[in-house]
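What follows is a short report on a single structure.
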Amino acid sequence: MRGRHMLLDADNIYYRQLNKQIRELVAQGETEFEIINVRGQRYIADGLIGDLTFKVHGVPGQDMAAFMRGPTIRVEGNAQDGVANTMDDGLVVIDGMAGDVVGYAMRGGKVLIKGDVGYRVGIHMKAYKEKFPVLVVGGKAGDFLGEYMAGGAIILLGMFTGKPDAPICGRSLGTGMHGGVIYVRGGVPVEQLGPHLKTEPVDEEDMKLITANLKQFCDEFGVDLNTVLAEPFQRVKPFSHRPYGNLYVAC
């Protein structure tokens, strides 16, 4: 049996107190949480497991959903750095912008962000066994998107942005990536790509993955799917599974 809908007020509550309260309620069997007046409290839902839901009003602090395995979080606002750090499974929906290193080493689950993101988003993302992490960014991204990426998919739309004159992503997209795939709506200026990378048109299988994830994105944010799909997508894939292999000294 699911627990009650729990309303928590984070106003003037230290992050450790807030997270202790959440964990105690989860241990008591509560499963549905709405947290209001969130102003930078860190580590919300970190390490939690199972069918839990959170609605967060405000701006959660660093490392929300880190090491999470299963819960769903919806943020009615922006989020700070480190969202979904090493997340194993679950869903994070951010109806705003997010900071740096979103999805660091993420190995499962999904993160949907309506707006822009910062630097080094998707760094070290990896697929694990049957898990396939997906990160969808509706706005634009900073430098080093998908750096050292090893698995999963990043979908970058460049549509819902506060930076209309900026390129869709910063410098060195995909630097050192050796697995996974990055899909970009419209395309990427060649000078923004990491070393030895190039873009190529998507194929039918790519579009199945893109469309399935964008349908969920559009449902979450009330966006028209046909409008999003009106522009073609380009794909960035690793040129090698050992991009720096020629720098190693043979034994």
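The values are calculated or read from the model by the stated rules, or taken from the named source; none is laboratory data. Quick caveat, the model's predicted, so the values are computed rather than measured. So basically every Cβ, Gly included, is an ideal-geometry build from the backbone, and we count neighbours across all protein chains shown. These accessible areas exclude ligands, DNA and RNA; they are computed on the full protein's heavy atoms, side chains included. Shrake-Rupley method; radii C 1.70, N 1.55, O 1.52, S 1.80 Å.
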Give the angle, between 0 and 90 degrees and rounded to the nearest 10, that separates the Cα long axis of helix 15-27 from the longest principal axis of the Cα atoms of the chain. 80 degrees
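Would you mind getting the accessible area per residue of segment 8-154, heavy atoms of the protein chains only, 1.4 Å probe, in Å²?
Values: 5520 Å² over 147 residues.
Per-residue accessible area for segment 8-154 comes out at 38 Å².
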Give me the net charge of Arg16's neighbourhood, meaning all other residues with Cβ under 12 Å from the Cβ of Arg16; Lys, Arg count +1, Asp, Glu -1. +2
Springs between alpha-carbon pairs under 10 angstrom, Gaussian network model over the chain: which of Ala27, Ala66, Ala141 fluctuates most? Ala27
For the chain, percent of DSSP beta bridges that are antiparallel (nearest 5) comes out at 15 percent
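For Ala153, what is the net charge nearby, where nearby means another residue's Cβ is under 11 Å from its Cβ and Lys, Arg count +1, Asp, Glu -1? Show your work: numbers first, answer last.
Details: positive: Lys110, Arg235, Lys237; negative: Asp206.
Summing Lys/Arg as +1 and Asp/Glu as -1 gives +2.
Quick check on packing: order 183-194, 106-117 by the mean number of other C-beta atoms within 10 Å, highest mean leading. All intermediate terms of the calculation are to be shown ahead of the outcome.
Details: 183-194: 17.2, 106-117: 25.7.
Ranking, from highest mean packing down: 106-117, 183-194.
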As I understand it, the value is the acute angle between the Cα axis of helix 204-221 and the longest principal axis of the Cα atoms of the chain; what does it come to in degrees, rounded to 10? 30 degrees
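How much length, in nm to one decimal, is gained on full extension between Glu30 and Thr211, taken as 0.36 nm per residue of separation minus their Cα-Cα distance?
Working: separation 181, 0.36 × 181 = 65.16 nm, distance 3.45 nm.
The span from Glu30 to Thr211 would gain 61.7 nm if fully extended.
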Size of the dipole of segment 1-70 about the Cα centre, Lys and Arg at +1 and Asp and Glu at -1 on the beta carbon, nothing else charged, in debye to 20? 120 debye
For the chain, what % of the accessible area comes from carbon and sulfur atoms, probe 1.4 Å? 51 percent
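Which order, highest average first, do 40-48, 56-64 follow once you tally other Cβ atoms within 10 Å for each residue and take the mean per peptide?
56-64, 40-48
Say the cut-off is 29 Å between C-alpha atoms; which of Lys163/Lys198; Lys114/Lys208; Lys129/Lys208; Lys20/Lys140; Lys131/Lys163; Lys20/Lys163 go over it?
On the way: Lys163/Lys198 24 Å; Lys114/Lys208 21 Å; Lys129/Lys208 21 Å; Lys20/Lys140 35 Å; Lys131/Lys163 33 Å; Lys20/Lys163 38 Å.
Over 29 Å Cα-Cα: Lys20/Lys140; Lys131/Lys163; Lys20/Lys163.
Order 210-219, 82-91 from most to least packed using the mean count of other Cβ atoms within 10 Å. Provide the component values of the computation, followed by the final result.
Values: 210-219: 16.7, 82-91: 23.5.
Descending mean neighbour count gives 82-91, 210-219.
Given segment 85-186, what percent of its DSSP beta bridges are antiparallel, to the nearest 5? Could you put the intermediate results ahead of the total?
Details: 1 of 19 bridges.
If we restrict to bridges inside segment 85-186, about 5 percent are antiparallel.
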Which FRET efficiency value, to the nearest 0.05, do you get for Arg16 and Lys237 by plugging their Cβ-Cβ distance into 1/(1 + (r/R0)^6) with R0 = 30 Å? 0.10
What does the charge count near Gly139 come to, summing +1 for each Lys or Arg and -1 for each Asp or Glu among other residues with Cβ under 10 Å from its Cβ? +2
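How much length, in nm to one decimal, is gained on full extension between Asp219 and Glu191, taken as 0.36 nm per residue of separation minus their Cα-Cα distance? All intermediate terms of the calculation are to be shown ahead of the outcome.
Values: separation 28, 0.36 × 28 = 10.08 nm, distance 3.37 nm.
Between Asp219 and Glu191, full extension yields 6.7 nm more.
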Using a/c under 1.5 as the rounded threshold, could you call the chain rounded, prolate or oblate? The axes a ≥ b ≥ c are square roots of the C-alpha gyration tensor eigenvalues, and prolate needs a/b larger than b/c, oblate otherwise. prolate
